[in-house]
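Inspection log for the structure reproduced underneath, given as structure tokens.
The values are calculated or read from the model by the stated rules, or taken from the named source; none is laboratory data. If you're wondering where the values come from, they're calculated on a predicted model, not measured in any experiment. When we count neighbours, we look across all protein chains shown, and the Cβ atoms used for this are built from the backbone with ideal geometry, even at glycine. Keep in mind that these areas ignore ligands, DNA and RNA; they rest on the heavy atoms of the full protein, side chains included. Shrake-Rupley method; radii C 1.70, N 1.55, O 1.52, S 1.80 Å.
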Amino acid sequence: MSSREVTPDEQIHESQEDDSILSFYPAEIDVEDIDDLNISEENIIKYENTYRMDSKKPFDENLAKVVLKTEIENNLNDETKYDHNEAIQTCINISLNVRNRLREMDFDRYKIVCIVKIVEKKSQGMLSKVKFLRDVSRDKYVKTKFENNNLVAIIVVGAFYHE
């Protein structure tokens, strides 16, 4: 019998039970399987860090204001009456439309959050606050207000930089 040194990998492999699902070896792919699975080095995508800290296409507040104003014009007018059930659906529709239109503008590395409030006017005062932590240099927000004799609508859009 020849005495040869056993490598640590072989020791680990020998110490494992045969029916164990754990493996300390990388998966082995047969050459025949490569043709069947279309696996090749060209198909493997390798990503590298960009080390880029700023957006290539930053959030444009002026374009966002235009989107907000067009959505208000499309959904609300001076003769719009307040109805509780209709206000809920209108808030949902405005929020989704604004968010989708801003996403289509493809602002690089920004998460878009849209908050819409519609409140009935009954000779009362109203205080509305939106608080969030933000990076003043990168995160942006836009707000607009619509008011008629029956209701007040407030739309706030936040664009938060996401690395």
Condition broken by Ala159, with the remaining ones in (1) crowded, with 16+ Cβ neighbours inside 10 Å; (2) without any contact (Cβ under 8 Å) to a residue 60 or more places away in the chain satisfied: (2)
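Residue by residue, here is whether (1) over 28 Å from the mean Cα position of the chain (by Cα); (2) closer than 30 Å to Met53 by Cβ; (3) of a type in the set (Val, Ile, Thr) holds:
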{"site": "Lys81", "(1), (2), (3)": "yes, no, no"}
{"site": "Asn93", "(1), (2), (3)": "no, no, no"}
{"site": "Ser128", "(1), (2), (3)": "no, no, no"}
{"site": "Asp135", "(1), (2), (3)": "no, yes, no"}
{"site": "Ala153", "(1), (2), (3)": "no, no, no"}
Selection from the stretch 79-115 of residues that are part of a loop (DSSP other than H, G, I, E, B) and either surrounded by 12 or more Cβ atoms within 10 Å (Cβ to Cβ) or modelled with pLDDT of 95 or more (or both): Thr80, Tyr82, Asp83, Met105, Phe107, Asp108, Arg109
Looking only at the stretch 38-71, and only at residues there that are among the polar types (S, T, N, Q) and at pLDDT 80 or above, the one that is farthest from the chain's Cα centre (by Cα): Thr70
Count of the stretch 116-156 residues which are open to solvent by 60 Å² or more (accessible area, probe 1.4 Å) and outside any loop (DSSP other than H, G, I, E, B): 6
